[in-house]
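Enquirer: Below is a structure I'd like to ask you about.
The values are calculated or read from the model by the stated rules, or taken from the named source; none is laboratory data. What you see is a predicted model, and the numbers here were worked out from it, not measured in a lab. Cβ atoms come from the backbone with ideal geometry, glycine included; neighbour counts cover every protein chain shown. Areas reflect the complete protein model, heavy atoms only, side chains present, ligands, DNA and RNA absent. Shrake-Rupley method; radii C 1.70, N 1.55, O 1.52, S 1.80 Å.
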Amino acid sequence: MKKRIAVLPGDGIGTEVTAEAVKVLEAIALRYNHYFEFNYGLIGAAAIDATGNPFPSETQKLCEDSDAVLMGAIGDPKYDHDPSAKIRPEQGLLALRKELGLYANIRPVRSYNALLSKVPLKPEIVKGVDFTVFRELTGGIYFGKKGREDDGNSAYDLCTYNKEEVRRITKLAFEEALKRHKKVTLVDKANVLETSRLWRETVKEIAEDYSQVALDFMYVDNAAMQLILNPRQFDVILTENMFGDILTDEASVIGGSLGLMPSASIGSKHAMYEPIHGSYPQAKGKGIANPIGSILSAAMMLDMSFGMSVESSLVNRAVQEVIEMGYLTPELAGKHSCTTSEVGEKISSFVLEEMHEMI
Ligand code: IPM
Ligand code: MG
């Protein structure tokens, strides 16, 4: 099969981790006789530096003309420390999500037995955790009207949702639940927010078409607590944009490292795959960034955009194997501390030969 992949490495460690995901995709292409064409584009601070725009129109066109997008990371401290900056790298990512209509951000959370000792939570709490978060990605407070009053002393960020925005992601979440343990938890703040009450109303309507799926509701403050008290209770979590942003960083602790967490951002025409971590500028160029989140994002791409489920499983197995053997970047390393590219190398070697001799 021939596929065109737009690669947007972005900022900080984005370039390093994305290079490893490309390496693994190339190994898959070689092994299964596919042809992946990688075309590179600019986004974020890298794009501002080169063009003045965090999401240049060439990048948008490249994404629209591709079968899938692989993104690295966005963000640069030189903008974080300037609250008055009008142009920010993050605007590039938000524009990309909005312009490509990527309304559903899917973030799987799982625990790895080999890493239980690295997790700050007790092993009996995190062992066996396996749930997926469906985070709405193109609405809510991120995209509402925002600004300052004329005197500059007060500011606002409006949170709005309409029923259609809720419906389309809710359907995806219920479809996923059907393939899993048939439970959806809607996380909201319906005791306070009108948008949350709209979500509840709409989600209940959709739930009527999915009688096999159990639906429950949880306030976001309680969900933040339940995630670390009893995360095994979750199967599919469905939530709005900002709650999903916050809860998935929290949930990443369960896996052992933010660096392990992949994600898929899906729309009706396009899809983008990116690790959930940020650009980690302090680590840039040091070879210590964990490429597994990016590699697992590439595995999601193989399955969800290209229908290559066998290939995707092989990448997942390779990652599992490398984690069990302890070939890990410093934040997780036990036996063997590896660089970013060594981890990518191990995973792609496994993909090429299922390297039994490595064991
Ligand atoms: C994420 C990130 C982004 C978000 C930032 C970089 C704008 O935190 O993908 O979770 O808030 O959505
Ligand atoms: Mg985030």
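Enquirer: Only Cα pairs under 8 Å and at least 6 apart count here; give the relative contact order of the chain as a rounded whole percent.
Expert: So the answer I get is 22 percent.
Enquirer: Need one value: the accessible area of residue 16 in square angstrom, 1.4 angstrom probe, rounded to the nearest 10.
Expert: 40
Enquirer: Counting only residues 5 or more places away or on other chains, whose amide H sits under 5 Å from the amide H of residue 237 once H atoms are built in the peptide plane?
Expert: When sequence neighbours closer than 5 places are left aside, the close amide H contacts are 132, 133, 134, 185.
Enquirer: Right, here's the next one. Which percent of the accessible area of the range 28-129 is formed by carbon and sulfur heavy atoms (probe 1.4 angstrom)?
Expert: 52
Enquirer: Okay, moving on. Considering only C-alpha atoms, what is the centroid distance from the range 44-109 to the range 196-260, in Å?
Expert: The range 44-109 and the range 196-260 have Cα centres separated by 26 Å.
Enquirer: Additional query: Using 0.36 nm per residue, how much length does the chain from residue 116 to residue 282 gain when fully extended, once their Cα-Cα distance is taken away?
Expert: So the extension gain works out to 57.1 nm.
Enquirer: Also, I was wondering about something else. For labels at residue 51 and residue 153 in the simple 7 Å Cα→Cβ model, what's the distance in nm?
Expert: Result: 4.2 nm between the two label points.
Enquirer: Stretch residue 242-residue 86 to full length: gain in nm at 0.36 nm per residue minus the Cα-Cα span?
Expert: Here the answer is 54.0 nm.
Enquirer: Rounded if a/c is under 1.5, else prolate if a/b is larger than b/c, else oblate: which is the range 166-270, with a ≥ b ≥ c the root eigenvalues of its Cα gyration tensor?
Expert: Taking the square roots of the gyration eigenvalues as a ≥ b ≥ c, the range 166-270 is rounded.
Enquirer: Report the net charge of residues surrounding residue 44, where surrounding means a beta-carbon distance below 11 angstrom and charges are Lys +1, Arg +1, Asp -1, Glu -1.
Expert: -3
Enquirer: What pairs in 86/145; 78/163; 98/127; 146/204 have C-alpha atoms more than 27 Å from each other?
Expert: 78/163; 98/127; 146/204
Enquirer: While we're looking at this one, here's another question. Rounded to the nearest 10 Å², what accessible area does residue 204 have for a 1.4 Å probe in the complete protein model?
Expert: In the full protein context, residue 204 sits at about 110 Å².
Enquirer: How much length is gained on full extension from residue 222 to residue 4, taking 0.36 nm per residue of separation minus their Cα-Cα distance?
Expert: Length gained between residue 222 and residue 4: 74.2 nm.
Enquirer: Here's something else I'd like to know. How much mean residue ellipticity at 222 nm does the chain get from its helices, if each DSSP H run of length 4 or more adds -39500 (n - 2.57) and you divide by all residues, to the nearest 500 deg cm²/dmol?
Expert: -13000 deg cm²/dmol
Enquirer: For a quick protection proxy, order the peptides 249-261, 165-177, 306-318 by their average other-Cβ count within 10 Å, most packed first.
Expert: In decreasing order of mean packing, 249-261, 165-177, 306-318 become 249-261, 165-177, 306-318.
Enquirer: For the pair residue 127 and residue 269, what calculated FRET efficiency results from E = 1/(1 + (r/R0)^6), where r is the Cβ-Cβ distance and R0 = 45 Å, to the nearest 0.05?
Expert: Given R0 = 45 Å and the Cβ-Cβ separation, E is 0.70.
Enquirer: While we're here: Counting only heavy atoms of protein chains, what accessible area per residue, in Å², does the range 79-171 have with a probe of 1.4 Å?
Expert: Normalised by residue count, the accessible surface of the range 79-171 is 52 Å².
Enquirer: Check which residues have an amide H placed less than 5 Å from residue 336's amide H, if you skip close sequence neighbours.
Expert: 328
Enquirer: Once both labels are modelled 7 Å past Cα along the beta-carbon direction, what's the residue 325-residue 160 spacing in nm?
Expert: The answer from the label model is 5.4 nm.
Enquirer: Indicate the gyration tensor shape class of the range 254-333 (rounded, prolate or oblate), computed on the Cα atoms with a ≥ b ≥ c the square roots of the eigenvalues: a/c under 1.5 is rounded; otherwise a/b larger than b/c is prolate and the rest oblate.
Expert: oblate
Enquirer: Ok, one more. Among all the aspartates and glutamates, which ones have a C-alpha under 17 Å from residue 346's C-alpha, if same-chain residues fewer than 8 places away are not counted?
Expert: 16, 20, 26, 311, 321, 324, 354, 357
Enquirer: With labels modelled as points extended 7 Å from the Cα through the Cβ direction, what inter-label distance (nm, one decimal) is found for residue 249 paired with residue 339?
Expert: 3.0
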